[in-house]
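The values are calculated or read from the model by the stated rules, or taken from the named source; none is laboratory data. These numbers were taken from a predicted model, which means no experiment stands behind them. No Cβ is skipped: glycine too gets one built from the backbone with ideal geometry, and neighbour counts run over all protein chains shown. The protein model used for the area step is the full one, side chains on, heavy atoms only, and it has no ligands, DNA or RNA in it. Shrake-Rupley method; radii C 1.70, N 1.55, O 1.52, S 1.80 Å.
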Amino acid sequence: MNMRRIALFLFVALPTLAGLAETKDYPFTPVPFTDVRIEDAFWGPRLETNRAVTVRYDFQKCEETGRNSNFARAGGLEEGKFQGIPFNDSDVVKVIEGAAYTLAMHPDPELDKYLDDLIAKIAAAQEEDGYLYTARTLGFTSGMTGPQRWTNLAASHELYNVGHMYEAAVAHFQATGKRSLLDVALKNADLLVKTFGPDPGQLIDVPGHQEVEIGLVKLARVTGEEKYLRLAKFFIDMRGRADKRKVYGAYCQDHKPLVEQEEVTGHAVRAGYLYSGVADVAALTGDEDYIRAINRLWEDMVSRQMYLTGSVGVFDHGEGYSRPYDLPNLKAYNETCAAIANGQWNHRMFLLHGDAKYIDVLERIIYNGFLSGVSLSGDTFFYPNPLACDGRFRFNHGDLVRSPWFGCSCCPVNVVRFIPSIAGYVYAHRGDDVFVNLYIAGSGTLSRPAGGLRLEQQTHYPWNGNIRLVVRPPAADSFALKLRIPGWAQGRPVPSDLYRGAGPTPPPVALSVNGQAVELNVQDGYATIRRTWQAGDVVELDLPMPARRVLAHENITDNRGRVAIERGPIVYCVEGADHDGRVMNIVLPDSVALTPEHRADLLGGVTVLQGESLAAVRDEDGTVQMRTAPITMIPYYAWCHRGANEMAVWLPRSVDLAHVPPPPTIASRSRASASHRWPPDSISALSDQVEPAHSNDHSIGRFTWWNHKGTAEWIQYEFDQPAKVSSVEVYWFDDTGRGACRVPQSWRLLYRDGQQWKPVPTQDSLGIEKDRYNVVRFAPISTSGLRIEVQLQPNFSGGVLEWMVR
């Protein structure tokens, strides 16, 4: 078998599996990415950056952070304790998977040798019976590990780690022909087959974080062993089965049996991996109940839970799905891993059904929700990908700029394996139907039962919608060529009513063969041309790309009265770097025309949109005025390459929604500092003049002393010049019922007198009431600063939402 012709990222030709899956598989067959050559001005540099930079950079970080050493230490190859988080094992094998893909396309003896050495460490770490979890082998205890094997699957990541290892092992075997990692994977999988199942003495349980299901199916495909497929199906069937085991709840998609689930819920990455695994098992078993279930779940996701960029997940819901239509922009989590998982799921849905709507979502993810997660240089990353940034709110992974690494670095290592997989999404076939799903310059070689075929694409997509396709069968061949007509080209941003196009009807799509116009004949989203093809026949598709306005469903409260802009598959945004640092005050009336201009010198080469819009500004007397101002829009994926600044995707259509900072106050002009600050929190939140709804308000910026508990702490303002003050108002942060921050046990107020801090004399009580401002009045004092000193409650931390000075 020619291993280079196997679909490395998703699917390989499946050897016969007895009984259960003897003749079944996905109806539509993807063309392996190793049979697709990308010669594209947009994706070519990104593939090369991933190969030359990101693979090696990720390995370097795995070395620096002890991830690689954990395997060596567990295998007795070096001394030392476990470092990091128990699921760090998965980071290493994900990079191996990505490295294997690069080897499949670009032989690299140095990288090949590096993998051999690293895999030897992984093999040494494997225990005699096949168990592999370095945290437990090294005696590391935490809330994830559990007292014995398999006793904390809700959080342990024991099965998640090895699921990623299975994927890496298959990729490495297919890229190199070496069994070194595959043998480790099979030994571990055989242990799982013995351990889990319905038979007496076996465990009935499921992974809290899904992934092993995907890996098991890949092992079944590469070995022909049905037992791995049966175990994947067992894990799926046991989800939500409270009659057989303790369930882990909706966060783990474990609240009811999969076939009864109707709404996407819980952790967005876990969900995407689960639904992808369900699709794999359904394809191989023909389980129609599975297919009906993921059809329902997909409709729910795309109709009520998906952001315009194709990403999913809300900050306040643990990296997961929220309530239907709860899609806030500033607190859009949109984890890069969630975009990848959603992309994998949508590609599998296409392979089940052959409908272009799934590729529409996949394309939206690839160019927007995923691509924003990695910098142009390939060595800095976003974990979350919000749709707005006000310059204050910070997420719990990273800062307001892309980070070089994270304590939990699942996203950087996921990037490295996803980018090369994009080539495998371009073409597919079924019978005598040939599908062109993505428009990327290069060529693809199709090995069909009816005969070989080469397709050559020439295009400047996504900046230009002109696609030239040369068809090269080895001899005259009759088949249907099906070219996807993207929803965006038809005024339909997504395949639901969650977002809708606004403005003029899109220009018509044009299609020709050898210079002669032909009808589109659209079937399931594909223009279909059925004819006898000759070598050298030329198909030309013209997808007009005007800038298009998009409106959101009225139930998405954050976007009422707002508009987003797309051009082709690209979602646009405004960024402070082009607007003197501020964009929250920009208004985009419906009448403003936006003109595209390609800028080869900007952000790696992008098409920007320019026009004359409006900006709300505050005059010296405090009144707000609207003034005309130029607007420049850039692709959303490219924001934050020019430093931390404001950004917005959804812009007000009218003046009333423009945000203009309130007039400066003594507090907002001062320099704030603290005894300790939890990195995701913002010290500027103390004086941002954003009104809290209550003390447990997570929708606004906050300052906390987390993770200090029961300690004495302080915050202070240093004024830009001495001021006369006579009162303060403090709004405490208290997330009772959600977290471990409480109002303080006590506090005192001090003012600066020269170099000393002295208590402020007051008759008012120093209140610690929730859900209100605690006001303290005193005789006017001339000072250069104020300080609050608090004593936190025992075993609790605390924080402040707003601290006003008058």
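Expressed as a rounded percentage, what relative contact order does the chain have, with Cα pairs under 8 Å and six or more residues apart?
10 percent
Please report the relative contact order for the range 43-146, taking Cα pairs under 8 Å with a sequence separation of at least 6, and give it as a percent rounded to a whole number. Once divided by the residue count of the range 43-146, the mean separation gives 34 percent. Ranking of Ser670, Ser377 by solvent-accessible surface, largest first: Ser377, Ser670 (1.4 Å probe, protein heavy atoms only, all chains present).
Please report the relative contact order for the range 580-685, taking Cα pairs under 8 Å with a sequence separation of at least 6, and give it as a percent rounded to a whole number. Before the final figure, lay out the partial values.
Numbers: 143 pairs, mean separation 30.2, N = 106.
Here the relative contact order equals 29 percent.
Counting Lys and Arg as +1 and Asp and Glu as -1, what is the net charge of the other residues whose Cβ lies under 12 Å from the Cβ of Val728? Spelling it out: positives minus negatives among the neighbours equals +1. Taking 20 Å as the straight-line reach from the Cα of Lys482, the lysines in range (excluding those fewer than 8 positions away in the same chain) are Lys357. The accessible area of Val247, taken with all protein chains in place and a 1.4 Å probe, comes to roughly 50 Å². Net charge around Gln60, counting only other residues with Cβ within less than 13 Å of its Cβ (Lys, Arg = +1; Asp, Glu = -1)? With Lys, Arg at +1 and Asp, Glu at -1, the net is -2. For the range 321-380, rounded, prolate or oblate, judged on the Cα gyration tensor with a ≥ b ≥ c (square roots of eigenvalues), a/c < 1.5 rounded, else prolate if a/b > b/c? Note, shape of the range 321-380 comes out oblate.
Let me know the charge dipole size of the range 417-484 about its Cα centre in debye, to the nearest 20, where only the beta-carbon of Lys, Arg (+1) and Asp, Glu (-1) is charged.
Details: 8 positive and 4 negative charges, 29 e Å.
Using only the charged Cβ atoms, the result is roughly 140 debye.
Dipole orientation for the chain: of the candidates Val53, Val790, Trp732, Val790 has the Cα lying most toward the positive pole (charges on Cβ; Lys, Arg +1; Asp, Glu -1).
Pairs with C-alpha atoms separated by more than 19 Å, drawn from the list Lys194/Lys246; Lys194/Lys233; Lys61/Lys218; Lys218/Lys256; Lys256/Lys331; Lys178/Lys227, are Lys194/Lys246; Lys61/Lys218; Lys218/Lys256; Lys256/Lys331; Lys178/Lys227.
Please report the net charge: other residues with Cβ closer than 11 Å to the Cβ of Gly130, K and R +1, D and E -1. Present the calculation step by step, with values, prior to reporting the outcome.
Values: positive: Lys187, Lys194; negative: Glu127, Glu128, Asp129, Asp183, Asp190.
Once all neighbours under 11 Å are counted, the net charge is -3.
Order the following by accessible area, largest value first: Glu566, Glu78, Glu288. Probe radius 1.4 Å; ligands, DNA and RNA are ignored.
Details: Glu566 5, Glu78 70, Glu288 100 Å².
Most to least solvent-accessible, the answer reads Glu288, Glu78, Glu566.
In a reduced charge model with +1 at each Lys and Arg Cβ and -1 at each Asp and Glu Cβ, the range 595-641 shows a dipole moment near 180 debye about its Cα centre. Considering only Gln534, Leu511, Leu438, the residue lying farthest towards the positive end of the dipole of the range 425-542 is Leu438, judged by Cα position with unit charges set on Cβ.
Between the labelled values (1) 15, 45, 31, 8, 1; (2) 14, 37, 26, 14, 7, 2, 0; (3) 14, 43, 35, 7, 0, the entry that holds P(r) over Cα pairs in 20 Å bins from 0, in percent as derived from this structure is (1).
Does the range 14-133 classify as rounded, prolate or oblate by the C-alpha gyration tensor (a ≥ b ≥ c root eigenvalues; a/c under 1.5 gives rounded; else a/b over b/c gives prolate, otherwise oblate)? The partial results should precede the final answer.
Working: a/c = 2.51, a/b = 1.25, b/c = 2.00.
It is oblate, given that a/c is not under 1.5 and a/b is not larger than b/c.
The listed peptides 445-457, 289-301, ordered by packing as a protection proxy, come out as 289-301, 445-457 (highest mean of other Cβ atoms within 10 Å first).
Taking the protein heavy atoms of the range 56-171 in the context of the full set of protein chains, the accessible area attributed to carbon and sulfur is 52 percent at 1.4 Å. Axis angle, to the nearest 10 degrees, between helix 180-195 and the longest C-alpha principal axis of the chain: 80 degrees. Among the trypsin sites (Lys or Arg not before Pro) found in the range 633-718, those both in a DSSP coil and sparsely packed, with 16 or fewer other Cβ atoms within 10 Å of their Cβ, are Arg642, Lys709.
What accessible area, in Å² to the nearest ten, does a 1.4 Å probe give for Thr762? Estimated to the nearest 10 Å², Thr762 gives 40 Å².
Assuming charge only on the beta carbon of Lys and Arg (+1) and of Asp and Glu (-1), the dipole of the range 128-181 about its Cα centre is about 100 debye to the nearest 20.
Helix-derived [θ] at 222 nm for the chain: sum -39500 (n - 2.57) over DSSP H runs of at least 4, divide by residue count, nearest 500?
Values: 16 runs with 194 residues, N = 806.
Calculated at 222 nm, the ellipticity per residue is -7500 deg cm²/dmol.
Atom-type composition of the exposed protein surface of the range 299-454 places 50 percent of the accessible area on carbon and sulfur (1.4 angstrom probe). For the range 128-207, the alpha carbon positions stretch 38, 31, 22 Å along the principal axes, listed from largest to smallest.
Could you give the angle, 0 to 90 degrees to the nearest 10, between helix 226-237's Cα long axis and the longest principal axis of the Cα atoms of the chain? Between the helix axis and the principal axis of the chain, the angle is about 40 degrees.
With the charge dipole of the chain set up from +1 on Lys and Arg Cβ and -1 on Asp and Glu Cβ about the Cα centre, the Cα lying farthest toward the positive end among the listed residues Val361, Ile556, Gly130 is that of Gly130.
Solvent-accessible area per residue in the range 387-521 equals 34 Å², computed with a 1.4 angstrom probe and all protein chains kept.
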